[in-house]
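All remarks here apply to the structure that follows.
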Amino acid sequence: MEKWFNVGKIVNTHGIRGEVRIISKTDFADERYKSGNRLYLFMPQSKSPLELTVNSHRTHKNFDLVTFDGYNNINQVENMKGGILKVPESQLSALDEDEFYYHEIIGCTVTTKDGEEIGKISEILSPGANDVWVIKGKGGKEILIPYIEAVVKEVNVKEKMVIIDPIEGLLS
């Protein structure tokens, strides 16, 4: 059975020419929304996904705006709101060393280089220059760890383990 990975959620239409507004959940928006790429739309009431081919992509105010081949007016895309765009595992490309997909990192247990367990990575934020990993610590406290060489020392996605060397004040 095919394994699917979220790319984003269609939250609204944009304009009248069939553009949809997407909250992106992908690490590689420019690659995923490249013209000619195939995405699969999963709607809550539908049993099977709708295959869509990307026609155009641009960004606007923290959203990805995308049009699909054959859908060129608002009436054709209005019913896509709330749908989840996904790609099959077969479309995931190989990454360079020290690059990871979000789904590989989320769920990893984080420990310090001294062996102290900090918690599990629950989410990844991409605010700017580097990603920030959100760790659910003991007692439900959220700890933010920047994904930078000075802090993250080892990532083992097979073992779901991350070792960090926290800089001063990071864990307090």
S46 fails exactly one of (1) in contact with a helix residue (DSSP H, G or I) (Cβ under 9 Å, 6 or more places away or on another chain); (2) without any contact (Cβ under 8 Å) to a residue 60 or more places away in the chain, namely (1)
Spot the failing condition for V162; the list is (1) surrounded by fewer than 16 Cβ atoms within 10 Å (Cβ to Cβ); (2) of a type in the set (V, I, T); (3) in contact with a strand residue (DSSP E or B) (Cβ under 9 Å, 6 or more places away or on another chain), and only one is missed.
(1)
Here is a list of conditions, (1) surrounded by fewer than 16 Cβ atoms within 10 Å (Cβ to Cβ); (2) in a loop (DSSP other than H, G, I, E, B); (3) within 15 Å of the chain's Cα centre (by Cα), and R17 meets all of them except one; can you say which number that is?
(3)
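The rows are residues; the columns are (1) part of a strand (DSSP E or B); (2) among the basic types (K, R); (3) closer than 13 Å to F68 by Cα.
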{"position": "V7", "(1), (2), (3)": "yes, no, no"}
{"position": "I10", "(1), (2), (3)": "yes, no, yes"}
{"position": "I22", "(1), (2), (3)": "yes, no, yes"}
{"position": "D30", "(1), (2), (3)": "no, no, no"}
{"position": "K34", "(1), (2), (3)": "no, yes, yes"}
{"position": "Y40", "(1), (2), (3)": "yes, no, yes"}
Answer yes or no as to whether K61 is modelled with pLDDT under 90, of a type in the set (D, E, K, R) and on the phi > 0 side of the Ramachandran plot.
yes
Long-range neighbours under 6 Å by Cβ, at least six apart or interchain, first residue closer than 12 Å to N55 by Cα within region 23-37, second acidic (D, E)
Y33/D64
Name, by its number, the condition in (1) more than 17 Å from the chain's Cα centre (by Cα); (2) closer than 30 Å to V157 by Cα; (3) surrounded by 15 or more Cβ atoms within 10 Å (Cβ to Cβ) that does not hold for L52.
(2)
What's the number of the condition K47 fails, among (1) closer than 21 Å to E99 by Cα; (2) surrounded by fewer than 16 Cβ atoms within 10 Å (Cβ to Cβ)?
(1)
When you scan region 157-172, how many residues do you find that are under 23 Å from the mean Cα position of the chain (by Cα) and without any contact (Cβ under 8 Å) to a residue 40 or more places away in the chain?
2
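The values are calculated or read from the model by the stated rules, or taken from the named source; none is laboratory data. Since the structure is predicted, the reported quantities are computational estimates derived from the model, not experimental observations. Please note: Cβ atoms are built from the backbone with ideal geometry, for glycine as well, and neighbour counts cover all protein chains shown.
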